[in-house]
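Inspection log for the structure reproduced underneath, given as structure tokens.
The values are calculated or read from the model by the stated rules, or taken from the named source; none is laboratory data. In this text the structure is predicted, and so the values were computed from the model without any measurement. As a convention, Cβ positions derive from the backbone with ideal geometry for all residues, glycine included, and neighbour counts pool all protein chains shown. Accessible surface is based on the protein model in full, side chains and every heavy atom, while ligands, DNA and RNA are left aside. Shrake-Rupley method; radii C 1.70, N 1.55, O 1.52, S 1.80 Å.
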Amino acid sequence: MDKLQLWLLVLTSLSEAVAQEDLYRKVFIFRNDPNEAYVVVKPEPEQPLQNFTVCLRSFTDLTRPYSLFSYATKGQDNEILLFKPKPSEYKLYVGGEFVTFRVPEIRMDWEHVCASWESATGIAEFWVNGKPLPRKGLQKGYSISAEAVIILGQDQDSFGGGFDLYNSFTGEMAEVYMWGYGLSPGKMRAAYQSLQLPPCSLGWRNLQYELKGDVVIKPRLRETMST
Ligand SMILES: *[C@@H]1O[C@H](CO)[C@@H](O)[C@H](O)[C@H]1NC(C)=O
Ligand SMILES: [Ca+2]
């Protein structure tokens, strides 16, 4: 038995089913529309953040609003929120304020996004499928609180809960990462291309997660690559 197996055994013997796993080439499938399902991911940062990057890949045919990544603290449910109100738009929230990024409507394909923010300038970057959108700014000088609950697939309106069914995500999600700093342009592109990424505590290759409700892990379907 190797260290990882032992670790998993210890974890599964605890009451809560916290898994830690390399999810390489796997996906979370949120099956129902709408749904109450979500995934709690860990760990939260230990220190307040002045910078961050969040990346993930999703695949859905939803046209209604949905939440992908929700980082809530006791004082601010939208501390970090990656939200798609409609197919041509993303909203990135930092500390309860948001900026809107208009995006091409991508039809029936996986969509990769990376969002980053730095407190010193308030500049937010938003990358879609390896390409940056015009940068915007919000919350200059703000600090992201460390005590957080991080949830995929629902928008928290209170600490760890307060979901609106009609903001739930339905579809497939993969390659979720969070870093406590801004990634370089090269690494933003590397994330899109699923290449090697800088180490991070919250990442798809060593994800600590708890499935809540109807979420299923499956291998990603192989597609013929067009590029
Ligand atoms: C945040 O990013 C800025 C700009 O890249 C950098 O100067 C600063 O040291 C970073 N702060 C922390 C706490 O990492
Ligand atoms: Ca919210």
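From the list Glu223, Glu210, Glu175, pick out the single residue that is in contact with a helix residue (DSSP H, G or I) (Cβ under 6 Å, 6 or more places away or on another chain) and of a type outside the set (Ser, Thr, Tyr).
Numbers: Glu223 fails: in contact with a helix residue (DSSP H, G or I) (Cβ under 6 Å, 6 or more places away or on another chain); Glu210 fails: in contact with a helix residue (DSSP H, G or I) (Cβ under 6 Å, 6 or more places away or on another chain).
Sole residue among the options that is in contact with a helix residue (DSSP H, G or I) (Cβ under 6 Å, 6 or more places away or on another chain) and of a type outside the set (Ser, Thr, Tyr): Glu175.
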How many residues of segment 103-129 are farther than 20 Å from Pro185 by Cα and either crowded, with 22+ Cβ neighbours inside 10 Å or more than 16 Å from the chain's Cα centre (by Cα) (or both)? The answer is 6
Flagged in segment 30-51 as of a type outside the set (Val, Ile, Thr) and surrounded by 15 or more Cβ atoms within 10 Å (Cβ to Cβ), in numbering order, are Phe30, Asp33, Pro34, Asn35, Ala37, Tyr38, Lys42, Glu44, Pro45, Leu49, Gln50, Asn51
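Please determine whether any residue of segment 105-119 is within 16 Å of ligand 1 (Cβ to nearest atom) and assigned to a loop (DSSP other than H, G, I, E, B).
Going through segment 105-119, the residues within 16 Å of ligand 1 (Cβ to nearest atom) turn out to be 114-119.
Filter once more, keeping what is assigned to a loop (DSSP other than H, G, I, E, B): 119.
Checked segment 105-119: at least one residue is within 16 Å of ligand 1 (Cβ to nearest atom) and assigned to a loop (DSSP other than H, G, I, E, B).
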By residue number, the members of segment 173-227 that are open to solvent by 40 Å² or more (accessible area, probe 1.4 Å) and within 13 Å of Val41 (Cα to Cα) are Ser201, Arg205, Asn206, Gln208, Leu211, Lys212
Selection from segment 130-153 of residues under 24 Å from His112 (Cβ atoms) and within 15 Å of the chain's Cα centre (by Cα) yields Ala148, Ile150, Ile151, Leu152, Gly153
